[in-house]
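These notes are about the structure you will find just below.
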Amino acid sequence: MIKIILFFLKKYINSPKKEWLRFDSVFMILGIIISVATLTIALSIFEGYETVLKDTILSVNSHVYFYNSEVGNLQNEDVELIQEKLQNKSEVVSSSALIISQVIAAKGNRIKGSIVRGINWEQDDLPNKYRESIWEGSWKLDKENSAVIGFRLAKELNITIGDEFKLISTMNSKMTPMGLKPKESTFTVVGLYKSGMYEYDTKFIYIDIRDMAEFNSMQNEFTMVEVKLKPEMIEKADYLAYLWQHEFDYKYQITSWIDFNSNLFTLLKMEKWVIFIILSFLILIASFNVVSSISTSILEKRMELGILKAYGATDKLLQNIFVSKTLILALLAVSIGQVLGVLIAKFLSWQRFFVLKGDVYFLDKINVQFGITSWLIILGVSIVIVFFASLIPIKNISRLNITNIIRKA
Amino acid sequence: MSLIKIEKLTKSYLEASGKLEVLQGVDLEVFTGDTIAITGESGSGKSTLLHMMGMLDDYDSGKIYYSDKLIDLNYNKLNEFRNKSIGFVFQSHYLLEDFTAEENVAMPMFINTKDFKKSLIKARELLKALDLDNRKDHYPNELSGGEQQRVAVARALINSPQIILADEPTGNLDVKHSEELINMLIELNKTKKHTFVIATHNLEIAAKMQKCFELANGVLKEVTK
Ligand SMILES: Nc1ncnc2c1ncn2[C@@H]1O[C@H](COP(=O)(O)OP(=O)(O)OP(=O)(O)O)[C@@H](O)[C@H]1O
Ligand SMILES: [Mg+2]
C-alpha cells in the first residue's frame, strides 16, 4: 500500500497542474503556518523568559542555603561545622557564609529601601556569580566601606562610581538623649551590579562581610551559608536539601533555590500550558481549512476516484492517499510556521522599541529560546490535529457512487 | 461452463415521478471468447446492465454468476475481483489526467501487484501492441480522442481480465476511428481470446460481433442476423 501511496504523492507533487498551489490548499497551508508561527513565538518567548529568569535567579542566589533553625543567626562554629561537612561532598562546588540585612540607602534627599549583602568577596570560588555580574567598575571591596550597588539603584539614588552614599539600619538603633537614633554609615560606590533581574538591580548592595559585621554590630554571626552545587545537581537541589536536613540532625533549616522560588516556577509552568492550550485552538481552527480543502479536492477528483474504484482500488487506499497528501502539506506548513515563528521571536528579542515592564516581569528584555521539546510538541500536536481533521472529509470517498460518477461525465 | 450467467436481473430507479423499472428480468449467458453486442435505444438500460455485470452498482433482484460462482456487491473481495476479472472501457476515456499514458495503463496492475516496474513493462508491451508506443509518455490531454480510447482499452486489458465491458467505446469517435477501435477489439478477441460485451447504438458495430442482443422494455432478446 505504501508504494502506491508514494507513487501517487510523487505524481501529486510533480503534477503539471500544481494542484497544491490551488486556492483552498494554499489557504490551508497559510492557516497552519500562521497558527503554528504564533504558537511558536509565544512558546519560545515564554521559554526564553523562563530560562533567563531561572539563570538570573541562580546567578544571584546559589543553590542551597543553611539558616539557623530557630530565630537568630548562625554562629562561627556553625559555619565551621557546615563547611567542614560540605567539603567532603561530591555534589558541592563551594560554600560561603554571608550576612544579609534590610537597610535604607540614602543620598541627599533620595532614599531607597535596599538589601545589603555582606560577602566574602575575596573568595575565588564564591557560590554566586557576584564577580560576573559587575557591570561597571570593580568587584574588589578592599577599601574600607566600599560598596557595589545595583545599577538601577544607583540611577535612582543618582550616584555612580566614586560617589558616597549612606546606609541606614533601623535594626541597630541607639538610644540617645535626642531619642532613638538609627545606625548610619557612609559607603563609597566602587562598582555597579547588573544581574538582569529588575528586583535585584533596584535593591541589592554588596559590601565586605567585615564592614557588614561592623555596620550591623554582629561579630562572628552570619545570616546564612550559601552553597553552590555541581551543574548536574542544580535541578535536584530541593531533594539534596531534604537529605541534608536529616544529615545535619535538623540543627539547621536547609532550603534550596527551588523551594524558594517554587511558587514562581509553578506559576510559570501553568502559564506555559495555558498558552499552549489556547494557541492550540488556533491550529484547530486552521484545520477547518483542512476539512474544506480535502472536501473540495474529493469533489474535484471524483471522476478519478470513481475510475480507480472501478479498477479495484479500495476505499482505504484512496483515503490513505488523501490523508498522506494532507499530512505532507501540513508537515511542510508546520515546519515553515516554526521557522517563521522563531525568526519573528528572534526579531522581537532583538528590537528595542518594545520592552517588558521590569517591575512586573522581573526581566525587561525579551529572550527567546526554542527547545527540542517544544518543537516536537508543536509538531506532534499540529500533525495530530490535522490528521484527525482529515479523517472527517475522507469518509466521503467511500460514499462516492461509481455509476453516478461515470454517468455524469 | 458459462463465464457469466445472469438470471432474471431487475433494477429500478426511484425518481421524482415514480419508480422507473429499467431492467425487468434480464437473462444472459456469456462464454469465454464471446463478443457480444447489446443494442437498444437510448434510455433502455444498456449502461445500467453493464454496470450491474461489472459489479459497480447494486441490483434489485436476480442473480449474477461468474464461472458458476454467485457474486454480488457484498462479496468481500469485490475490489480484488473487479480488479482482476473485469476490464472497463467507457464512452469517454476516463484516463487519470495526472498520469502519463503508460502509467494509466499500468494502474490496475499496479494496484493488483504493487509492482510498479513489472506493471510498467506490461503497460508498454500493450501500448506497443495497440500501436501507441510513441505516445506512452504523453498525458491524456495530449492525446487525440482515438488514442485516448485505445489507451483506455489497453488499461482494460492489462490484468488479462475474464471479461471486458465496453459501454459505447466509440461514442466519442468519428467513423474512421470507431472502425479502427472495433477492428482492434475483434483482433484482440481472435488472437488473445479476450471476451467482450459491448453496449452500442451503432448497428454496424453490433453486426460485427458474434452475438447481438437488443434491450427493450427491460428485457434482453437475442437478435438473429
Ligand atoms: N441513478 C439514476 N437515477 C435515476 N434514474 C437513472 C439513474 N441511472 C439511470 N437512470 C435511468 O435509467 C434509464 C436507463 O439508463 P441507461 O443509462 O442504462 O440507458 P442507456 O441504454 O445506456 O442509454 P444511452 O444509450 O443513452 O446511454 C434511463 O432512463 C436513465 O434516466
Ligand atoms: Mg448508456
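The values are calculated or read from the model by the stated rules, or taken from the named source; none is laboratory data. Everything numeric here is computed off the predicted structure, so don't read it as measured data. With ideal geometry, Cβ positions are generated from the backbone for all residues, glycine too; neighbour counts draw on all protein chains shown.
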Leading residue by the ranking (farthest from B:Met53 (Cα to Cα)) among those in the stretch B:162-172 that are of a type outside the set (Asp, Glu) and surrounded by 21 or more Cβ atoms within 10 Å (Cβ to Cβ): B:Thr170
Cβ-Cβ under 9 Å pairs, at least 6 apart or on other chains, the stretch B:120-149 side in a helix (DSSP H, G or I), far side among the basic types (Lys, Arg) and surrounded by fewer than 15 Cβ atoms within 10 Å (Cβ to Cβ): B:Gly146/B:Lys176
Residue in the stretch B:154-177 that is more than 16 Å from ligand 1 (Cβ to nearest atom), among the acidic types (Asp, Glu) and either more than 17 Å from the chain's Cα centre (by Cα) or within 14 Å of chain A (Cβ to nearest Cβ) (or both) present: yes
Filter pass, B:Met52 being within 16 Å of ligand 1 (Cβ to nearest atom) and facing chain A (nearest Cβ under 10 Å): yes
Verdict on A:Ile405 being at pLDDT 85 or above, away from ligand 2 (no atom under 16 Å from the Cβ), part of a helix (DSSP H, G or I) and not basic (Lys, Arg): no
Flag for B:Ala152 being assigned to a helix (DSSP H, G or I), modelled with pLDDT of 90 or more, out of contact with any Gly (no Cβ under 7 Å at 6 or more places or on another chain) and within 24 Å of B:Glu97 (Cβ to Cβ): yes
Residue match in the stretch A:349-371 (condition: without any contact (Cβ under 8 Å) to a residue 40 or more places away in the chain, within 16 Å of ligand 2 (Cβ to nearest atom) and either part of a helix (DSSP H, G or I) or within 25 Å of A:Gly48 (Cα to Cα) (or both)): no
Count of residues meeting criterion [hydroxyl-bearing (Ser, Thr, Tyr), crowded, with 20+ Cβ neighbours inside 10 Å and away from ligand 2 (no atom under 13 Å from the Cβ)] in the stretch B:4-61: 2
Residue match in the stretch B:23-39 (condition: more than 17 Å from the chain's Cα centre (by Cα), more than 14 Å from ligand 1 (Cβ to nearest atom) and among the β-branched types (Val, Ile, Thr)): no
Matching residues in the stretch B:77-95 - criterion: being facing another protein chain (nearest Cβ under 7 Å) and charged (D, E, K, R): B:Glu80, B:Arg82
Filtered residue count, the stretch B:89-133, keeping only those that are farther than 18 Å from A:Lys301 by Cβ, aromatic (Phe, Trp, Tyr) and within 16 Å of ligand 2 (Cβ to nearest atom): 0
Filtered residues of the stretch A:263-294 (kept if among the polar types (S, T, N, Q) and without any contact (Cβ under 8 Å) to a residue 24 or more places away in the chain): A:Asn263, A:Thr266
